[in-house]
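Here, each number is a calculation from the coordinates, and none is a lab measurement. From a predicted model like this one, the values you see are computed outputs, not experimental measurements. As a convention, Cβ positions derive from the backbone with ideal geometry for all residues, glycine included, and neighbour counts pool all protein chains shown.
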Amino acid sequence: MKNKTRNIGFALIAATMIAGCNPLEFDDIQDPNNPSVGSIANNATSEQIQFLITGLESRHRGYVTNISQAWNTFGREIWYLNASDPRFQTDWLGQNGRVPDRSYFGFGNTGGGSWATPYQAIKQADVLQLAAENTNNISASQKNAVIGFSKTIQGYQFMIPANFVYQNGIRMDVEDPLNPGPFVPYEQALDQISTILDEGFQALGSSGSGNFPFRLTSGFNGFNTITGLQQVNRAIAARLNAYREDWQGVLTALDGSFMNLNGNLNAGPAHPYGAAPDIFNPLFYLPNAAVNTIIVVHPSVLDDATPGDLRVQNKFLKRTNPVTVTTDAGALVGTHQDARWPNNTAPIPFIRNEELILLKAEAHANLNQGTDAVAAINIIRTAAGIGPYTGATTTAALINEILYQRRYSLWAEPWGHRWIDARRYDRLSEIPTSYDGGTIFTQFPHPQAELSWDEYVGN
């Protein structure tokens, strides 16, 4: 049964659907991110459908900055050092006993990129589906393709708030943002996300074959066919199934994905960036720039690295001028910065072949298929230049190894992998706090904006 009181959080999200957002690499886009529902609900033109698709891609990348900075801080993959505002250190690191609450810095009003932004993308996808379903200006196969793409992005986006608030649950029914459905438990939300992804996969399959019938940005180069988008859908489903502990489901999804055991580990779809009117890569910092706000490599990542690991050499730049921020718990010194991005227009992948191979290893390990798990692990170790795995092949030993390899292969990707990985294996206590005197969080409460109208006015 839906809430009978107006919800402040989703009222805000509805309002932001008419707020500005930069378009992606297209000329003459007439505000693709801010559609008037009335203008497209009945017999939208092909051009309007295109605008909505472009807008969805723009919304799709909205989470990157917040999660890259915050979730990777929670998992101590990075420090987001900001000398101008100490709350990025004291609050996000949980110093001085600071723990998440409804008004937590960076998340309390709308939940930031971890809450409101994904729901904006989800609602954009709803509008796109509505437009596709209620027009005679595109064919049935084109409708299926659009709906399949839309549901694929929705499935990805729903996983963000689900993993942010975890056991506090999320709203899955947001068709009416002013009267959303109830919060559902984490496990139930994951099951519903699985259904959304399956529906997207099936809709894509019902659209025929060949190229996707509308224009996608360069982030989908190599995946802008129906088959390619189905592979992306199954890759996302593989990640989801790992969270659901459906290990055979992981392997089944991987079989339909773009995983390639002999392929480029960086292959996968990405979020593109560019010069105005687009936006720059938010994770790029000039090498050795004299700044007081920057993402730096957490010292534990450097201390725990295997000698000769090429991932350390390729991803981390040792600064000639370390960045230091003083906190109540002492000085935080960043000696290395992110070196993954060659320039400020470099795309940021949102799921890669390397992750898929590691998911394969994890699924095999949990199914007691040690030989297959080791074979997948060794693909990653060989690429990193650290030689084959020679340890025990018990499930526990293999999971230890896989989590270690995920720590370096997926370092600081815009998903907060280590924070989520440690939580799902009940290993949050293994994330070190001795470097910063902080606290490791388990989950966040719903942000302040999630109050119902009656709660908001004190009734």
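General remarks:
- Computed on the Cα atoms alone, the convex hull of the chain gives a volume of 142 cubic angstrom per residue.
- Ellipticity at 222 nm from helices only: DSSP H runs of n ≥ 4 in the chain, each -39500 (n - 2.57), divided by the residue count, give -13500 deg cm²/dmol.
- J(HN,Hα) series, the range 98-108, from Karplus relation 6.51 cos²θ - 1.76 cosθ + 1.60, nearest Hz, glycine and proline x: 5, 10, x, 9, 4, 10, 4, 4, x, 9, x
- Gain on full stretching of the segment that runs from Ala339 to Asn179 - 0.36 nm per residue minus C-alpha separation: 53.1 nm
- Global form of the range 197-299, assessed from the alpha-carbon gyration tensor, a/c cut-off 1.5: oblate
- Trypsin sites (Lys or Arg not before Pro) restricted to DSSP loop in the range 337-383 with at most 11 other C-beta within 10 Å: none
- Rounded, prolate or oblate (a/c below 1.5 giving rounded, otherwise prolate when a/b exceeds b/c) for the range 339-391 by Cα gyration tensor: oblate
- Within the chain, longest stretch free of exposed GluC sites (Glu not before Pro) [DSSP loop, at most 15 other beta carbons within 10 Å]: 246-459
- For Val184, residues with placed amide H under 5 Å, excluding near neighbours: Ile170, Arg171, Met172
- Within the chain, no helix built from a complete DSSP H run reaches 24 Å or longer along its own axis (Cα positions) while carrying a mean Kyte-Doolittle hydropathy of 1.6 or higher.
- Magnitude of the charge dipole for the chain, about its Cα centre and with charges confined to Cβ atoms of Lys, Arg (+1) and Asp, Glu (-1), is about 440 debye.
- Our summary gives the range 92-250 a relative contact order of 20 percent, counting only alpha carbon pairs under 8 angstrom and 6 or more residues apart.
- Shape analysis of the range 347-433 places it in the oblate category; the axes a ≥ b ≥ c from the Cα gyration tensor give an a/c of at least 1.5, with a/b not above b/c.
- Take every Cα pair under 8 Å whose residues are at least 6 apart in sequence, average their separation, divide by the length of the chain, and the relative contact order is 23 percent.
- Summary value for the range 71-128: 16 percent relative contact order, contacts being C-alpha pairs under 8 angstrom separated by 6+ residues.
- Share of pairwise Cα-Cα distances greater than 19 Å in the range 53-161 is 53 percent (whole percent).
- Along each principal axis, Cα extent of the range 139-239, largest first, Å: 42, 26, 22
- For Ile78, distant residues with modelled amide H under 5 Å away: Thr73, His298
- Selection from Ala373, Gly222, Ile67 lying farthest towards where the dipole of the chain points positive, charges on Cβ: Ala373
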